[in-house]
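Worksheet: the structure to be examined is printed underneath.
The values are calculated or read from the model by the stated rules, or taken from the named source; none is laboratory data. On a predicted model such as this, the values are computed, not experimentally measured, just so you know. When we count neighbours, we look across all protein chains shown, and the Cβ atoms used for this are built from the backbone with ideal geometry, even at glycine. Just the protein is used for accessible areas: all its heavy atoms, side chains included, with ligands, DNA and RNA removed. Shrake-Rupley method; radii C 1.70, N 1.55, O 1.52, S 1.80 Å.
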Amino acid sequence: FVFFPLQKQEVCGNLTLQHHMLEPVQRIPRYELLLKDYLKKLPEESPDRKDAEKSLELISTAANHSNAAIRKMEKMHKLLEVYERLGGEEDIVNPANELIKEGHIQKLSAKNGTAQDRYLFL
């Protein structure tokens, strides 16, 4: 028995599993565009009009949900990166937490007004 990676199989076209998993997600916006174009060309009095409009409403809802889930995962990934950069000492990875901004700042001393470089995670 010889093991061949999935992407090496001819039926997969040398594409990775991640590539194949993205395809269904990428179809949703294509369906949305196709339905919008279809509705532009469909006569107002067409018996298919109502079903096409309902289909567009459903696919638009699915697209919005998918985009929101992707944004949420990207934000969680950013939190994981910060967690690793901080050495894993503080458990900041929590669905309720969100990285808003990060960057260099200057902290001014209240005593003598000297500036100290700091890196801030908000």
Fill in the blank from the handout: Using the Cα gyration tensor of the chain, the equivalent ellipsoid's semi-axes, largest first and to the nearest Å, work out to 46, 28, 12
Exercise for the section: Using only Cα atoms, tell me the angle between helix 49-85 and the longest principal axis of the chain; keep it within 0 to 90° and round to the nearest 10. Expected result: 20
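For the range 43-96, rounded, prolate or oblate, judged on the Cα gyration tensor with a ≥ b ≥ c (square roots of eigenvalues), a/c < 1.5 rounded, else prolate if a/b > b/c? Write down the numbers at each step before the final one.
Details: a/c = 10.26, a/b = 6.01, b/c = 1.71.
Note, shape of the range 43-96 comes out prolate.
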Completion exercise
Taking a straight Cα-to-Cα line shorter than 18 Å from K54, and setting aside same-chain aspartates and glutamates fewer than 8 residues away, one finds E32, D37, E44, E45
Practice task
Mind checking which of N97, G113, H20 is farthest towards the positive end of the chain's charge dipole, using Cβ charges of +1 (Lys, Arg) and -1 (Asp, Glu) about the Cα centre?
Solution key: G113
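Taking 0.36 nm per residue of separation and subtracting the Cα-Cα distance, what length does fully extending V25 through R71 add? Could the numbers behind the result be given before it?
Details: separation 46, 0.36 × 46 = 16.56 nm, distance 1.34 nm.
Gain in length upon complete extension: 15.2 nm.
Counting only protein heavy atoms and using a 1.4 Å probe, what share of the accessible area of the chain belongs to carbon plus sulfur, as a whole percent? Before the final figure, lay out the partial values.
On the way: 6020 of 10490 Å².
Of all accessible area on the chain, carbon and sulfur atoms account for 57 percent.
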Completion exercise
Helix 17-41 sits off the longest principal axis of the Cα atoms of the chain, rounded to the nearest 10 on a 0 to 90 degree scale, by 60
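Using a probe radius of 1.4 Å on heavy atoms only, what accessible surface per residue do you get for the range 10-89? Whole Å² is fine.
On the way: 6520 Å² over 80 residues.
Spelled out: the 1.4 Å probe surface of the range 10-89, per residue, equals 82 Å².
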